[in-house]
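Below is one structure, written out as structure tokens; comments come after it.
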Amino acid sequence: MDEISKNTNKKNIGQISKNNPGWKGKGEPNFKAIIFKLATTFKTNLLSGDLKLLINNLKSASTNISTFIFKKSQENFVCPCCSWSGPGFITTCNSKRVNYNSNCPNCDSRSRHRGLSLLLPIIFENKLLDLLFFAPEKILLKIMSEKLNLANVKTTDFYSSDVDYPGEDIQNLSFSDHSFNYILCNHVIEHVPHDDLAFKELSRILKPQGKAIITIPGDYHLNETVVFEQTDSNGHFRHYGLDVIKKMKTYFTEVETLDMHTLSSLDYGIRINDLAFICTK
Ligand SMILES: [Zn+2]
């Protein structure tokens with residue numbers, strides 16, 4: 001029996017990688033933890049001269065103090081992935097932006113996971129699935145196996161070995177044409193040099209009428225994708241705008257765009273304009 005067969009037979013809901021977000025939350029931060037993190041990043045930011053990151057770290061620390069110290073007893077936010085409720089999600093930042101209400105303290109879900117936890121049941125209801133999950137996130141696999149009772153899910157990741165199909169390059173996949181009914185691919189495309197090849201490959205391995213559910217970070221109130229000369233600190237080649245839809249339409253017959261924020265009226269911490277692209281072959 002080859003390695004892939006051994007892996008795929010071990011579990012039928014797809015193996016998971018600890019390297020991807022949505023594994024286990026860090027808990028609600030206390031005052032000491034917030035200040036300690038700020039103090040360590042402050043020194044690094046000063047030494048590197050990255051004032052924008054320094055300011056963003058100050059903003060996220062003050063937001064977390066407000067949320068987890070002053071509003072500690074409130075339960076205004078609910079995580080639809082794990083049912084945790086509390087005063088807010090953990091605010092994080094990088095040099096470009098502050099991500100308010102980002103990480104669930106309990107399950108480490110991000111805005112996209114919480115949005116997808118509402119969207120996937122709508123898409124997958126009463127469907128016989130044959131799904132390939134790129135860079136699998138534990139929280140979403142858990143939802144698919146427990147809440148949706150999905151069985152035939154396979155996982156793949158270029159970097160992690162603890163998946164069903166390790167080492168697959170999304171720009172040049174080893175799978176045959178027409179292999180899967182569904183593909184789930186979150187925050188992967190921005191990490192590859194040739195996104196057009198990735199879309200082409202995703203379409204190729206889908207069965208006719210199959211669907212790829214794709215999320216990619218971007219500013220979707222803007223039209224144009226910003227292409228970086230070098231990858232940014234997150235390993236991203238681009239920051240996407242709405243023009244990515246045109247590129248997707250080169251390889252898919254239909255691209256439905258859904259703002260996952262609109263799926264919930266409760267405060268699930270799903271960002272406005274956090275888009276999911278549902279691409280039909
Ligand atoms: Zn959660």
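The values are calculated or read from the model by the stated rules, or taken from the named source; none is laboratory data. All values reported here derive from a predicted model rather than from experimental measurement. Here the Cβ is made from the backbone with ideal geometry for all residues, glycine too, and neighbour counts use every protein chain on show.
At-a-glance table
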item: Search result, residues across the range 237-268 that are in contact (Cβ under 8 Å) with a residue 60 or more places away in the chain and of a type in the set (D, E, K, R); result: 267
item: Residues (buried (at least 18 other Cβ atoms within 10 Å of the Cβ) and not polar (S, T, N, Q)) located in the range 39-53; result: 53
item: Any hit, the range 53-70, residues being within 24 Å of residue 239 (Cα to Cα), charged (D, E, K, R) and at pLDDT below 90; result: no
item: Test: residue in the range 221-234 that is of a type in the set (A, V, I, L, M), assigned to a loop (DSSP other than H, G, I, E, B) and in contact with a Phe, Trp or Tyr (Cβ under 7 Å, 6 or more places away or on another chain); result: no
item: Scope the range 48-85; condition within 22 Å of the chain's Cα centre (by Cα) and within 16 Å of the ligand (Cβ to nearest atom); matching residues; result: 77, 78, 79, 80, 81, 82, 83, 84, 85
item: Residue match in the range 189-210 (condition: buried (at least 21 other Cβ atoms within 10 Å of the Cβ), in a strand (DSSP E or B) and touching a helix residue (DSSP H, G or I) at 6+ places or on another chain (Cβ under 8 Å)); result: no
item: Residue 105 being closer than 30 Å to residue 280 by Cβ, modelled with pLDDT of 90 or more and part of a loop (DSSP other than H, G, I, E, B); result: no
item: Selection status of residue 241, surrounded by fewer than 19 Cβ atoms within 10 Å (Cβ to Cβ) and in contact with a His (Cβ under 6 Å, 6 or more places away or on another chain); result: no
item: Residue in the range 140-149 that is within 26 Å of residue 194 (Cα to Cα), touching a residue at least 60 places away in the same chain (Cβ under 8 Å) and not charged (D, E, K, R) present; result: no
item: Members of the range 86-131 found to be surrounded by fewer than 17 Cβ atoms within 10 Å (Cβ to Cβ) and either within 12 Å of the ligand (Cβ to nearest atom) or on the phi > 0 side of the Ramachandran plot (or both), listed by number; result: 126
